[in-house]
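Computed from the coordinates by the stated procedures, all read-outs in this text should not be read as laboratory data. Since this is a predicted model, take the numbers as computed values, not measurements. Positions of Cβ are generated from backbone atoms using ideal geometry, with glycine treated the same way; all protein chains shown enter the neighbour counts.
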């Protein structure tokens, strides 16, 4: 099988005016570096799961993207972190929601998959597992970067802090994620996020929900989503792509395009996804102005794009 | 449209030996009372959503079932409550996970749907919304009944308290739920649970996850699941029934049977579900020894069963 990998660093309005040429360049450099590194790992025989997790760890560590270090802040001024992993051979999965101490939430999600009989651990229960298994933890201040503190202040000042009636910050659907297909035809997906700016503590979006923001099955595809989490949750975006391939006989590209451009608007949803099937085909549709993304297939040069 | 309603009080091994005739009778009486009450409400024009929520409130209040008062206890000796609601017209949904104070978790899930832009709130964030909106709260001791305390002690004593390697209590897949189709052809689903006996704090099962334990869409069906939560999460059981109807053209009965008897075993899953379509057809499949259930359709006498 030809290997393939795709990563994303979030989708959204991404105004050209608010993205300085310098920041744009830094984002593209990061995406390219991480894409190349993932492709090299696949070339050397790494598993799809390890590559997807490795790419998401790199994106979490990069303060440019909304996950891990540099995640957006909830209304109480701290980051609450969601992450998930799924591998397509056994359809095993692990996820954490509203965690506050794992340095790399995606690694804790992986630990939930490997070391517990559970799929999803939330809040203090997630942090407690990190403690128990000695998954690296940090003080919550590690996640906070100055730009996010200012962003939270702007959100509060503009009244986008109260959640009773649709006050989502529509500019910012930051998430990071990766999908990979390795040489054995196994696929995997990993996703991580700080969620929405100024979100209510305890709010869980689609990222850590298997079938919504993250899904993998060798019979169909692996998917990592990014967008306004609530419509993704109601629709079950990631598993919809798989279901259309399996039950309607669609190709990966057709299924992914249909879900993002036809189904998601039906629940007022905005966002995108990266997906790969077990033949190494890729799809990276989005219905927003842009999506930070990078991709590579065996024998082809890697590429990156925003708009 | 003919109205219809189905409720469940959990699926599982349900050994006849461990269910005394007296307890069996009490369960059947409760299921019958709640089914009749739901059917009467539909007869009088109540909406599918109100009827599904009302039935789940009654099941939560009944200490015989694992939800609300009488929920199973997590390893720390308190109940952590999960619940979800979804209505099929707008596909709006709300859910709470690992909540500890709402007297009726399903009503808090409904409040998430109606009063916030979110779908899922976890842990303290869920309890904080109850406080803010004055949804009735109770001291966590309200949920604890003596039989559950004893059950937790037995689980601890038998080594089923540590979660590292599959120590699930396989006898007990308690959940409660309801689906309804009203005279307008609208469908809705509601589900609530205390989860697994002796679970790790913060563990979230399928119940509060839209598409896994709870789903509703007028174009297809409403589903409420019950079973071992992790396979339900990985497969996305509730939305699979809908997807098979929509994309493979199956009837409700065929789709529901296929998911429970063919797909769920593929991820080592045990449990069942209740489902209704917009024509008032019902399906109540389970692959366990039994499932506590009740059902009624317009013009037909209500019925209840365990095995």
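When Cβ neighbours within 10 Å are restricted to other protein chains, what is their mean count per residue of peptide A:242-250?
Shielding by partners across A:242-250 averages 4.
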Original post:
Label-point separation (nm) for residue A:24 and residue A:90, each offset 7 Å from Cα along Cα-to-Cβ?
Top reply: 4.6
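So what is the relative contact order of chain B, in percent, for Cα pairs below 8 Å that sit 6 or more residues apart?
Across chain B, relative contact order equals 27 percent.
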**OP:** Arrange the following residues from fewest to most other Cβ atoms within 10 Å of their Cβ: A:286, B:215.
**Re:** A:286, B:215
Original post:
Shape call for segment A:213-307 from the C-alpha gyration tensor, a ≥ b ≥ c root eigenvalues: rounded (a/c under 1.5), prolate (a/b greater than b/c) or oblate?
Top reply: oblate
**OP:** Bin all alpha-carbon pair distances of the protein assembly as shown at 20 Å intervals from 0 and give each bin's fraction as a whole percent.
**Re:** 23, 57, 20, 1
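Sorting A:53, B:36 on the 10 Å Cβ count, fewest up front, what's the list? Don't skip to the answer; put the middle values down first.
On the way: A:53 25, B:36 16.
Ascending Cβ contact count within 10 Å gives the list B:36, A:53.
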**OP:** Normalising by the residue count of segment B:33-145, find the relative contact order in percent from Cα pairs under 8 Å and 6+ residues apart.
**Re:** 22
Original post:
Cα gyration tensor of chain A, axes a ≥ b ≥ c as square roots of the eigenvalues: rounded (a/c below 1.5), prolate (a/b > b/c) or oblate?
Top reply: rounded
**OP:** Could I have the simple spin-label model distance between residue A:184 and residue B:147, label points 7 Å from Cα toward Cβ, reported in nm to one decimal?
**Re:** 4.7
Subject >> Label-zone membership for segment B:215-241, site residue B:262, 7 angstrom Cα→C-beta point, backbone N under 17 Å >> reply: B:235-241
Original post:
With each run of n ≥ 4 DSSP H residues scored as -39500 (n - 2.57), what mean residue ellipticity at 222 nm is computed for the protein assembly as shown after dividing by its residue count and rounding to the nearest 500 deg cm²/dmol?
Top reply: -10000 deg cm²/dmol
Original post:
In percent, how large is the relative contact order of segment B:1-92, given Cα pairs closer than 8 Å and 6 or more residues apart?
Top reply: 22
Original post:
Once the Cβ-Cβ distance between residue B:128 and residue A:137 is put in as r, and R0 is 22 Å, what FRET efficiency do you end up with, to the nearest 0.05?
Top reply: 0.35
Original post:
How many Cβ atoms of partner chains, on average, are near each residue of B:194-204 if near means within 10 Å of its Cβ?
Top reply: 6
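Just need the Rg to Rh number for segment A:43-87, please, alpha carbons only, Kirkwood Rh. Write down the numbers at each step before the final one.
Working: Rg = 13.0 Å, Rh = 11.8 Å.
Rounded to two decimals, Rg over Rh is 1.10.
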Subject >> Residue order, fewest to most beta carbons within 10 Å, for A:203, A:244, A:262, A:103 >> reply: A:262, A:103, A:244, A:203
**OP:** For peptide B:95-105, compute the average count of partner chain beta-carbon atoms within 10 Å of each residue's beta-carbon.
**Re:** 2
